[in-house]
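What follows draws every value from the coordinates through simple rules; no lab data is involved. The structure presented is a predicted model; accordingly, all values stated were derived computationally and were not measured. Don't worry about glycine lacking a Cβ; one is built from the backbone with ideal geometry, like all the others, and counts go over all protein chains shown.
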Amino acid sequence: MRFLIAAMSLAAFVFTSNAALADKRVAFVVGNSAYKNVPQLPNPAIDARSMARVLRNVGFEVVEGSNLTRDAMTAKLLEFGKKSEGADVALFFYAGHGIAVNGTNYLLPVDADLKSEMDVKLGAAINVDFTLEQTMADAKVKLVFLDACRDNPFAAKIRSAKATRSVSVERGLAEMKSGEGTLIAFATGPGQTALDGEAGTNSPFTRALIANIASSGVEIQQAMTKVRAQVNEETNKGQLPWGHTNLIGSVYLNQAAAPAGVQAEAPNAPVVAIGPVSEVQLDFWRSIKDSSKPEELNAYLTN
């Protein structure tokens, strides 16, 4: 009887471990540098490639693009929206120009040519709130990273337009609130601008993200604390990333199992543990899986 109970417990354990591997993780990663109607940005396309590589290494399926026109960006968003249906984690990363008009944030494709508020709202730009709602609503955990707080050259054109002189156009992006199960992070604070970094490298914000968010055993909110500290130090306190979170569980982008005690701290909240099962654990299992000796199975369960 003990042998049967041990075997059943073992089967349940192995099933749980395999289930962790089956978590559905999808990311949208786009960097726009080669703008056609304003000076080009040096690093967003590089930032996107770096971020995509990091996310693939921890098991994300990545919908990736760089230097996208309005039509191409829309196509990538539609692809991402379909793939993120029922996802355990959906992640959205954008680097490039963005703009805030009357408190609403917009991302700018490389063919954007904004001369008035009407140009922004009639399709030349991508409404961030609407985009996130349409593409990520069905995911259990939603992570949003916006490295789009540059000093936008379109802002002056929009302000000077005769029909939109009373429109509020901010220097950076406007504040956003996150819904349940969501973390939103900006390269800098609302209404402020962020640095691009040295040409041919990553921006300070993206460099800090790729250095911290996929670190083994680091929970995402702890990782973002490290991101803020790194950017603040690297820019001599000239830039401080800002964010808002309503996550209701612990999220690990690179871990085989949540640390002991996490479930006890939040018994009703999901722990999303993303990462491969240890090879040592798998080797141990293979060595005893056909055994008929209870002591060997018990040794595995204890370990």
Item to check | Separation in nanometres of the label points that stand 7 Å from Cα toward Cβ, at K226 and I248 | outcome: 2.8
Item to check | Dipole of the stretch 43-168, positive direction: furthest Cα of F145, I99, S168, with charges on the beta-carbon | outcome: S168
Item to check | Residues of the stretch 225-248 with amide N under 15 Å of the 7 Å Cα→Cβ point at E180 | outcome: 246-248
Item to check | Residue-count net charge about T201 - beta-carbon cut-off 14 Å; Lys, Arg +1, Asp, Glu -1 | outcome: -3
Item to check | Pairs beyond 18 Å (Cα-Cα), from K142/K237; K24/K83; K36/K115 | outcome: K142/K237
Checklist outcome for this item: So, over other residues within a Cβ distance under 10 Å of F93, counting Lys, Arg +1 and Asp, Glu -1, the net charge is -3
Next on the checklist: On a full-extension model of 0.36 nm per residue, what is the gain between E85 and Q40, subtracting their alpha-carbon distance, rounded to one decimal in nm?
Outcome noted: 12.8 nm
Checklist entry - Pulled fully out, how much extra length does the chain show between L78 and F130, if you take 0.36 nm times their separation in residues and subtract their Cα-Cα distance? => result 17.5 nm
Item to check | Where labels lie 7 Å past Cα in the beta-carbon direction, separation of S160 and D23 in nm | outcome: 5.0
Item to check | Antiparallel content of DSSP bridges confined to the stretch 94-204, in %, to 5 | outcome: 50
Item to check | Diffusion constant of the stretch 39-165 at 25 °C, which comes from Stokes-Einstein with the Kirkwood Cα-pair radius and 0.890 mPa s, µm²/s | outcome: 159
Checklist entry - What is the dipole size for the stretch 32-86, taken about its Cα centre, with +1 at each Lys and Arg Cβ and -1 at each Asp and Glu Cβ, in debye to the nearest 20? => result 100
